[in-house]
1. Just the accessible area for ASP11, please: 1.4 Å probe, Å², rounded to the nearest 10?
2. With every protein chain left in place and a probe of 1.4 Å, what is the accessible surface of LYS99, to the nearest 10 Å²?
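The values are calculated or read from the model by the stated rules, or taken from the named source; none is laboratory data. Because the structure is a prediction, the values reported are computed rather than measured. Side chains are part of the model used for accessible areas, which takes the heavy atoms of the whole protein and leaves out ligands, DNA and RNA. Shrake-Rupley method; radii C 1.70, N 1.55, O 1.52, S 1.80 Å.
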Amino acid sequence: MNIDTLLHFIDTYGYLIIFLFLFFGIVGVPAPEESLLFLIGVLVAQGKLSLGLAMLCAILGAFIGMVAAYACGKYVGYPFINKYGRFIGITTERWEKAKKNYTDNAQKTLVLGFYIPGIRQISPYFAGISSIPFRKYFLFSLLGTILWTVPFIVAGYYIGDAFDVNPKYVPYLGVVFLIIFVLYVTIKYVKKRKLMSKS
């Protein structure tokens, strides 16, 4: 979807489109989430959206998407894997190993996984399938939602306020910020692994 279409949707449907795009982006329907979040900040800086309402709709859209995907994983995914998994190579042993790996790293995956396209869509389903306790899931997915949506919107706001940003270039800026973050996390992870291997 190009930026002109996105701007048209926001202009026509307002805050509802923010909620829907973030919701469907989480449950797995392709949507330009990072670009949308950054664009929201730019539009707030230009006085076209309210910061509070835009943030609320973005957070609710993403978080409710996380809860819906978790429910699908728990009530549809696990029974399906349990019944048909062996036909596609998912043995009980393999499933238990994958489940343990996910459970051990669930907190980091739920919080930081938002910044990695693909992971943020798969993670909530896998959390439901793995029967991660809902209270724990609720807390960390809400934290992850806030730490993902708010920084992108704030970055868009401050850059949009400091410079005359043409909304058509927003998708490229959003991608740049995403790449910078992924590189930062990767470098930190590699350094940590090297330190652990030396000790």
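1. Answer for ASP11: close to 130 Å² accessible.
2. Result for LYS99: roughly 50 Å² accessible.
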